[in-house]
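As structure tokens, the structure follows; a few thoughts come after it.
The values are calculated or read from the model by the stated rules, or taken from the named source; none is laboratory data. Since we're looking at a predicted model, the values are computed, not measured. Note that we place each Cβ from the backbone using ideal geometry, even for glycine, and neighbour counts take in every protein chain shown. SASA here: full protein model, heavy atoms, side chains in, ligands and nucleic acids out. Shrake-Rupley method; radii C 1.70, N 1.55, O 1.52, S 1.80 Å.
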Amino acid sequence: MDEPVGLALLTRTHALPAVRGVLKPAASLAPLVWFKTGGPAQWLFEPQDADDLSDFLAQLDPDMPVMALGLGSNLIVRDGGVPGVVVRLGKPFAKVERQDETTLVCGAGASGILVSSTARDAGIAGLEFLRSIPGTVGGFVRMNGGAYGRETADILLECELVLRSGEQVTLLNRDLAYSYRHSNLTDGAIVVSATFRGHPGESAAIQAEMDRIAAAREESQPLRSKTGGSTFKNPDGHKAWQLVDEAGCRGLQIGGAQVSEKHTNFLLNTGGATSTDIEALGEEVRRRVREKSGIDLEWEIQRVGMAQ
């Protein structure tokens, strides 16, 4: 795909600060997101450590947009690409270390599977639900990620952030004003680590609970498809999948995008979808649900970038 003219012009006309990590112009994002669709980032930055990120943001033009990218599981990157800098926290941010008998310090790039497995090995219970969330610690903290009756607000003690200004700060759980799939973190603020607390448990029992969760996901969700995870938030007193199903949207298609027949709160790229197809399908689902039930579904999947 040719680089959109807008991104090409911006890339040529903005000089960026020096970094110790990797900084790439006009970088393809489609391989990095689960839907495997979407345009390029104007710049893709993989910092070497938190200080590298902090120094970069402190010197970056304040008008340059900045967003973080985790596993790309809960994201639609629009086909016109993403202006500004996309920050991807790679291996240097994927470490999980035991702090004490009930506490783990987790890099923002660590997956839910790694966190829950490390907790199991350390005999720390209460973090098993992270096994089921397709994403990284940074996304969990920002969106109050949760599943199977538990959420990040239940386990977070504190998190380390790099603000858009480059300042490094520590916030406590109460500072984030958590609600359902929401925190008060500002745009451009990037989580670099989080401290989670569970409670003492037996590793075998923890593994059994992780196995139960994994089996439930396998049975109910289209895990082997190109998808973005749960598409819409559950409205109060309702299940999003049920509202979508009742509106007659099971299997509905636009272009190469389809509502999953296995779990109707999942959208699929059946092979040739564009991000435009996927987002249009989501909006059509929202329209039909609104018409059927009067309920206005809210997107849970983040949509970023410019339309082509």
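Below is a table of values for the structure above.
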read-out	value
Taking the chain and dividing mean pair separation by its residue count, relative contact order in percent (alpha carbons under 8 Å, at least six apart)	18 percent
For the range 212-281: accessible area per residue (Å², 1.4 Å)	45 Å²
Net charge of neighbours whose Cβ lies under 11 Å from the Cβ of residue 22, counting Lys and Arg as +1 and Asp and Glu as -1	+1
Restricting the range 133-206 to GluC sites (Glu not before Pro) in coil, as DSSP defines it, with at most 15 other Cβ within 10 Å	167, 202
The chain, accessible surface, carbon-and-sulfur percent (1.4 angstrom probe)	49 percent
Förster radius 41 Å - calculated FRET efficiency between residue 239 and residue 163, Cβ distance, rounded to 0.05	0.65
At q = 0.21, 0.23 Å⁻¹, base-10 log of I(q)/I(0) for the range 222-308 (Debye sum, equal scatterers on each alpha carbon)	-0.94, -1.13
The range 48-98: relative contact order as a whole-number percent, Cα under 8 Å and 6+ apart	43 percent
Net charge, residue 301 excluded, C-beta distance under 11 Å - Lys, Arg +1, Asp, Glu -1	0
Per residue, in Å², the accessible surface of the range 68-137 once ligands and nucleic acids are set aside, probe 1.4 Å	32 Å²
Global geometry of the range 96-235, whether rounded, prolate or oblate, following the gyration tensor of its Cα atoms and the 1.5 cut on a/c	oblate
Cα-based equivalent ellipsoid of the range 45-162: semi-axis lengths in Å, sorted from largest, via gyration tensor	27, 17, 11
The range 223-285: relative contact order as a whole-number percent, Cα under 8 Å and 6+ apart	34 percent
Answer label for Rg and Dmax of the Cα atoms in Å (calculated), chosen among (i) 22.2, 94; (ii) 18.6, 58; (iii) 19.6, 57	(iii)
The range 76-132 - Rg and Dmax from Cα coordinates, angstrom	15.0, 48
Neighbourhood charge, 14 Å Cβ-Cβ cut-off, centred on residue 247 and excluding it, Lys, Arg +1 and Asp, Glu -1	+1
Those lysines that a straight Cα-Cα span of less than 29 Å connects to residue 24, excepting residues fewer than 8 apart in one chain	36, 91, 95, 226
Cα gyration tensor category, rounded, prolate or oblate, for the range 108-156 with a/c compared to 1.5	oblate
